[in-house]
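The values are calculated or read from the model by the stated rules, or taken from the named source; none is laboratory data. What you see is a predicted model, and the numbers here were worked out from it, not measured in a lab. Ideal geometry is used to build each Cβ from the backbone, glycine not excepted, and the neighbour counts take in all protein chains shown. The accessibility values were calculated without ligands, DNA or RNA, using every heavy atom of the protein model including side chains. Shrake-Rupley method; radii C 1.70, N 1.55, O 1.52, S 1.80 Å.
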Amino acid sequence: MKAVLTEHLSKTYSSGKKAVDDIGIALEPGEVFGFLGPNGAGKTTTVKLLCGMLAPTRGSCRVFDIDSSQNPEKLHQVSGVVTEHAQMYDYMTGLENLIFYGTLFGMDAAESQKRGAELLERLDLLDAGNRKLAAYSTGMRQRLSLARAMIHHPKILFLDEPTSGLDPESAQNVNRLIRELADEGATIFLCTHQLRYAQEICTTYGLIDEGALLAAGTIEELRELIFSGVRVIVKADRFPKGLNSRAVGNGVYEITVDSEGEIPLLVKQIVDSGGDVYHVSAEKMSLEEIYFSLIDRRKVGKEDERHE
Ligand SMILES: Nc1ncnc2c1ncn2[C@@H]1O[C@H](COP(=O)(O)OP(=O)(O)OP(=O)(O)O)[C@@H](O)[C@H]1O
Ligand SMILES: [Mg+2]
């Protein structure tokens, strides 16, 4: 069973805006999926469709085989969601809010209290737990909303920019918690603009732009889509002529080879020509480079279409 399965998923808002256009995503249980794309790309709309907050105009989406729009109650039992505007109650304390949501999910009060207190501690909110939500800062609310999403041990978490508005330390805290949840086996669907951090925690990625899924897969699969070679950085005191190298610094050269297997031969050629090698590293495209490359490629494609 797939954790997430969408087929031809599309959403056109009543304004006529086509926000999600024929998206197919299949996620295995336990995947940490980074859903990336520029502002207005359709990420939040996709999350809302997956969580049953919006109904698709066309196509379908299933979460652990539950149809999101047909069976939202069942879906809520297995999923948790953090969106931009979490609904919680200002007149209740942080802990009371968590207990309230725990009991909504069918947990008893004692169990909700225990789990709530544990989550408050993990999110560095233990002291704030007994304060009314009205006195919370934005970042505190954001963290409490994550605790709320996790109160009932969901199998899958939909996190729509869970670290937006958080200071660096709180963001790190939240990111650490996401990683712990993934280690415990939860499936995570994470919309984020923090590409560096996404690269550290996600196992697979999807890139969306203007409602269309541009690419999906592991980072290796995405790299293959763009460029299958390996950039090698070499520091040597002498470099044989004839190698297709480019100087990038004092005695530092960049050479592109077809695969990592060619690196030993490259080093041998330098040594055989009398050069001493001080440093060799294979540079792989970062998620950030992949992102910009795919977005740029789409822009160029659209320009070409316009000129045809
Ligand atoms: N309720 C709505 N009615 C009409 N159009 C909407 C509505 N919500 C979103 N849109 C439009 O749909 C498109 C996709 O929006 P969405 O919020 O899904 O993007 P996003 O990828 O989450 O962007 P961001 O990174 O800024 O959060 C945008 O053009 C947006 O203006
Ligand atoms: Mg959004």
Mean separation of Cα contacts under 8 Å (6+ apart) over length of the chain, as relative contact order %: 18 percent
Kyte-Doolittle mean at least -1.0, axial Cα span of 15 Å or more - DSSP H helices of the chain: 94-104, 138-150, 168-183
Within straight-line cross-link reach of residue 235, lysines at Cα separation under 23 Å, skipping those fewer than 8 residues along the same chain: 268, 284
Cα centre as origin, Lys/Arg/Asp/Glu Cβ charges: the range 145-228 dipole, Debye: 220 debye
Placed amide H near residue 214: partners under 5 Å, 5+ positions off or other chain: 207, 208, 209
Kirkwood Rh, angstrom, the range 1-159 [1 / mean 1/r, Cα pairs]: 16.6 Å
Positive-end extreme of charge dipole, the chain - chosen from 207, 166, 27 (charges on Cβ): 166
Under-5 Å amide H pairs with residue 81, H placed in peptide plane, nonlocal only: 158
Under the Karplus curve 6.51 cos²θ - 1.76 cosθ + 1.60, θ = phi - 60°, whole-Hz ³J(HN,Hα) for the range 254-262, x wherever Gly or Pro sits: 10, 10, 9, 10, 6, 8, 4, x, 8
13 Å beta-carbon shell around residue 90, net charge (K/R +1, D/E -1): +2
Hits among lysines - C-alpha to C-alpha of residue 155 under 21 Å, sequence gap 8 or more where chains match: 2, 43, 48, 74, 114
Distance histogram in 5 Å bins (all Cα pairs of the range 5-80, percent per bin): 3, 16, 27, 26, 18, 7, 1, 0
The range 6-64 and the range 105-134: distance between their alpha carbon centers, rounded to Å: 31 Å
Inverse mean reciprocal Cα-Cα distance (Kirkwood Rh) of the range 122-232, Å: 15.8 Å
Percent accessible area from carbon and sulfur atoms, the range 125-231, protein chains only, probe 1.4 Å: 47 percent
20 Å binning of all Cα-Cα separations within the chain, expressed as whole percents from 0 upward: 29, 46, 21, 4
Where only alpha carbons of the range 223-262 are counted, the Rg and the Dmax (Å): 11.2, 35
Per-residue ³J(HN,Hα) for the range 196-204, Karplus 6.51 cos²θ - 1.76 cosθ + 1.60, θ = phi - 60°, Hz, x for Gly and Pro: 5, 6, 4, 4, 6, 10, 8, 9, 9
Heavy-atom surface of the range 231-301, accessible at 1.4 Å and reported per residue (Å²): 62 Å²
Among 256, 239, 300 - extreme Cα towards positive end, dipole of the range 234-308, charges at beta-carbon: 239
Per-selection Rg to Rh, the range 105-181 - Cα, Kirkwood hydrodynamic radius: 0.94
